[in-house]
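The values are calculated or read from the model by the stated rules, or taken from the named source; none is laboratory data. Given the structure is predicted, the values throughout are model-derived calculations rather than measurements. So basically every Cβ, Gly included, is an ideal-geometry build from the backbone, and we count neighbours across all protein chains shown. The protein model used for the area step is the full one, side chains on, heavy atoms only, and it has no ligands, DNA or RNA in it. Shrake-Rupley method; radii C 1.70, N 1.55, O 1.52, S 1.80 Å.
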Amino acid sequence: MSSARDRGGPASALGREPRQYGLFIDNAYVAPAGDGVLDVDDPATGTVWAQVPDASVDDVDRAVRSAARAFTEGPWPRLRAADRAKFLIRFGEAIADHAVELAELQVRENGKLLREMSGQVKLMPEYFAYYAGLAQMPTGYTNPLHLSDMLNYTVREPVGVVAAITPWNSPLLLLTWKLGPALAAGCTVVAKPSEVTPVSTLRLAEIAAECGLPPGVFNVVTGLGQPSGTALVTHPGVDKIAFTGSTATGQAIAAAAGRSLKRVSLELGGKSPNIVFDDADLDVAINGLVAGIFGASGQTCMAGSRILVQDGCYQRVVEELAKRADAIVVGDPRDESSELGTIACRRQYDKVLRYIEVAKEDGGRLVAGGGVARVPGLPNGLFVRPTVFADVTNDMRIAREEVFGPVAAVMRFDTEEDAVGIANDTPFGLAAGVWTGNVQRAHRVAGQLRAGTVWINNYRKTGYATPFGGYKQSGVGRENGPDALREYTEEKSVWVDTGQGIKDPFNPRA
Ligand code: NAD
């Protein structure tokens, strides 16, 4: 096997595995300064199929310098917005051309269903098209004044170098939510994907380079949170951090960023309530509960992991949910017939299994699943059975802490007021679902939930034109939607004297 110093580029062309990758800086693969290497394994088979550098502080410095140079000297921030928009459209088209490859890479990294990863990649061109549109929207105002003979207008300028740090569950879509507006605004980017899923991001950067993005505009450093992530968020050349990941890491990043007052947007964890009232269409609601917690193997920030069910339908919902969970086909994520893939990595797999034990010890009533799933032919796969705990109370750890896996905590409530109280009694505030046939109740409850997204009679929908983000410890700022570019710009106010100019302030008669 080649040493880290040889690893200037992907050896995938030679067909050898594990494939060797370098860092992607200035539109080329470059060898890292150090020898640190990270294995990328397939969580369905346990096979190591790629190796990437564990970037050092020096590597991160090199990437940030490249992005800073591209920002201060390169064409990208100075291009007409229309030309940046043209690139974004072209990039989206190239992503569509590589959709199968990009989806398969992600499945190989994180074990989510090929069906789901393909769906996400297919959406990416639409996101880039939306940001292409936003790039050409007015960026400022001409402001009314209390003064005469003065003109004042505001403009929005790119914030500078953006550090985009992403998790493993939806590596490319979540990067798109940052990369799209950052590039549209004229920023340059250093992306640091999760150590679990680095290859798809490297490939995306290659595709961007092939589409004509100038060198240094989109660089990728691969590595662990420590030292790569820390080096990036503390680097004086970084102007803004756009982070998606756990609340604990978000808190560490916000503290580090605070020392140099970098701009920060944080998309963090959740423990979202999915609330079923007696008057809901229960067949539809149960579909929504299943989709909410077992879609993406529960490895989604917006998972409906706290299921709140009203007394009158509690027994039926619990029984039905348990039946549905037990019937889910856990299997090879590439197989069309599979309904649940793997947990993304060993660390997360151990965490999910540990939470299942904690829920049992705390008194949750196990009604479905409850441990490892065995998949024929994949003895090393990180599979967990879809799991449902009933009779959970909101003080149990399974109700308070994010598991990030296919584990539902079902709780009982009596009145609408109880439901809202339990739903809001959490440090998180990312999302919530409300299932009811009563239109007044639907909006009344939606209005009282302290969460960034509320779905009524549906769950887990997001879109490029819809702001997404968290209340409370689920985050700071919003991604997507018409204001997405604001997070990647600074606002400048320009004053112009349209009269006779300023008089001598100490001798106004002169
Ligand atoms: P994580 O916080 O462990 O890691 C996320 C990223 O941060 C990785 O790239 C990691 O290497 C990096 N990192 C770790 N420590 C760092 C540090 N000190 N400084 C800088 N970077 C550091 O999260 P994860 O386990 O990869 O992902 C799961 C979490 O992500 C869950 O909590 C989930 O809810 C959250 N998530 C949130 C959203 C959202 O939009 N709100 C979406 C998806 C996932």
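Assorted remarks:
- Exceedance of the 20 Å cut-off in Cα-Cα distance is limited, within the set K192/K262; K192/K240; K271/K351; K122/K192; K178/K262, to K122/K192.
- Only Lys, Arg (+1) and Asp, Glu (-1) charged, at Cβ; the chain dipole about Cα centre in debye: 840
- Difference of contour (0.36 nm per residue) and Cα-Cα distance, R450 to L151: 103.5 nm
- Computed from the C-beta positions of K323 and E210 and an R0 of 41 Å, the FRET efficiency is 0.25 to the nearest 0.05.
- Two-site FRET efficiency, L261 against Q136, from Cβ-Cβ distance with R₀ of 35 Å, rounded to 0.05: 0.70
- Modelled FRET efficiency - R0 45 Å, D414 with R347, Cβ distances, 0.05 increments: 0.70
- Between D504 and R69, the modelled label-to-label distance comes to 5.2 nm, taking each label 7 Å out from Cα in the direction of the beta carbon.
- List E101, E416, ordered by accessible area with a 1.4 Å probe, largest first: E101, E416
- Inter-label distance for V372 and Y471, nm, one decimal - labels placed 7 Å from Cα along Cα-to-Cβ: 4.1
- Residue-normalised accessible area of the stretch 320-404, given per residue in Å² at a 1.4 Å probe: 47
- Relative contact order for the chain: 17 percent, from Cα pairs under 8 Å spaced at least 6 residues apart, divided by residue count.
- Placing pseudo-labels 7 Å out from each Cα toward the beta carbon at A28 and R354 gives an inter-label distance of 4.4 nm.
- Computed from Cα atoms, the angle from the helix 199-210 axis to the main principal axis of the chain rounds to 30 degrees.
- For the pair H443 and E104 in one chain, pulling the backbone fully straight at 0.36 nm per residue adds 118.0 nm over the alpha carbon distance.
- Global geometry of the chain, whether rounded, prolate or oblate, following the gyration tensor of its Cα atoms and the 1.5 cut on a/c: oblate
- Centre separation in Å (Cα based) which lies between the stretch 164-236 and the stretch 448-462: 29
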